[in-house]
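The values are calculated or read from the model by the stated rules, or taken from the named source; none is laboratory data. Given the structure is predicted, the values throughout are model-derived calculations rather than measurements. Every residue, glycine as well, gets a Cβ built from its backbone with ideal geometry; the counts of neighbours run over all protein chains shown. Areas reflect the complete protein model, heavy atoms only, side chains present, ligands, DNA and RNA absent. Shrake-Rupley method; radii C 1.70, N 1.55, O 1.52, S 1.80 Å.
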Amino acid sequence: MTDYGHDLLFGAFITPVNQPPTQAVDLAVTADRAGLDLVTFQDHPYQPRFHDTWTLLSYVASRTSRVRVAGNVLNLPLRQPAVLARAAASLDLLSGGRFELGICAGGLCDAIEAMGGRRLSPGQAADALEEAIRVIREVWDAGARGGVRVKGEYYHVDGAKRGPAPAHDIGVWVGAYKPRMLELTGRAADGWLPTLGYIPEGPAALTGMNRRIDEAARAAGRDPAAIRRLLNINGRFAAWDRGHLAGPPAQWAEQLAELTLDHGVTAFLLAADDAPTIERFAAEVAPATRELVTAERAG
């Protein structure tokens, strides 16, 4: 059994494509009313079919009352970290502590460069992300003396004023798959946010990926349990077993409970573009998964 000591969270990774302009907002409101913990949105600033993610997050926060909001994940190369830090703290304050920072090093280099971003190698992008996280945390540390000074290779901040401080300790969740990014997650992040469908080997690969995060955390003097393991999932409900996350809600609950107990996953974000799926996930899968995990841990 793997237990990183976090309560289970359930959320929606809202991905409406070719839908009415308000569909994403309506689905977020549905998730809030259904009792989910998180609503998240992809961030592809170079894709004109989607609303700007930061604008969408802000609007959704104003239309909901309890659910937390996050990018899944924000594209760092097109978002300057010191400005992003202030925007994140501001949204957290305005929403009553309901913002979390999902972030990535950035992919699709051609599209990023076309929008005016820098073209970086994967290694350079990872280094830039680690520098950016340092900048962001320094800006949030409003009580520290002096200005923010980070003299990095990719981000240079020289005396920027600190603050505002967020309403709560915002989680920095990194989308990571390769060894270098997993190690960065262990050293610098509060959470790991991959997509299960992007891991070719499937759930079995989570063991080795978790191990790399844990080892990097320990080497940096951190407790691996401090790093939440989140997971984007895809699935469809069916009357009978048709495979992994393809069946009735009770089957989903058993399979998600296994991911929690075997791999320490404590947050599941379901990719969804319709209200009935979100409502069923919240009403039937989330409570059943929690019951199974609680019973197994108690035993």
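Collect the residues in the stretch 20-74 that are acidic (D, E) and out of contact with any strand residue (DSSP E or B) (no Cβ under 9 Å at 6 or more places or on another chain), keeping them in residue-number order.
If the condition is that a residue be acidic (D, E) and out of contact with any strand residue (DSSP E or B) (no Cβ under 9 Å at 6 or more places or on another chain), then D26, D52 are the ones that fit.
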* Structure fact -> Of M115, M181, M209, the only residue that is in contact with a Phe, Trp or Tyr (Cβ under 6 Å, 6 or more places away or on another chain) and of a type in the set (A, V, I, L, M) is M115
* Filter result for F281 (closer than 22 Å to G71 by Cα and either open to solvent by 20 Å² or more (accessible area, probe 1.4 Å) or under 23 Å from the mean Cα position of the chain (by Cα) (or both)) -> yes
* Asked: Name the pairs whose Cβ atoms lie under 7 Å apart, with the first residue in the stretch 139-156 and more than 27 Å from S121 (Cα to Cα), the second open to solvent by 80 Å² or more (accessible area, probe 1.4 Å), and 6 or more positions between them or separate chains?
  -> G147/K161
* To do: Please list, ordered by first then second residue, the pairs with beta carbon atoms under 6 Å, 6 or more apart or interchain, first in the stretch 58-78 and under 14 Å from A125 (Cβ atoms) and open to solvent by less than 40 Å² (accessible area, probe 1.4 Å), second among the acidic types (D, E) and modelled with pLDDT under 95.
  => L74/D43; N75/D43
* Structure fact -> Of (1) open to solvent by less than 50 Å² (accessible area, probe 1.4 Å); (2) assigned to a loop (DSSP other than H, G, I, E, B), D3 fails just (1)
* Structure fact -> For the stretch 123-176, the count of residues that are among the aliphatic types (A, V, I, L, M), farther than 18 Å from G71 by Cα, in contact with a strand residue (DSSP E or B) (Cβ under 7 Å, 6 or more places away or on another chain) and not in a helix (DSSP H, G or I) equals 4
* Determine which member of the set G243, G264 is at positive phi and without any contact (Cβ under 8 Å) to a residue 40 or more places away in the chain. => G243
* Only one of (1) within 19 Å of the chain's Cα centre (by Cα); (2) open to solvent by less than 30 Å² (accessible area, probe 1.4 Å) fails for A216. Which number is that? -> (1)
* Asked: Scanning for something of a type in the set (A, V, I, L, M, F, W, C), out of contact with any His (no Cβ under 8 Å at 6 or more places or on another chain) and under 21 Å from G5 (Cβ atoms), does the stretch 204-213 turn up at least one residue?
  -> yes
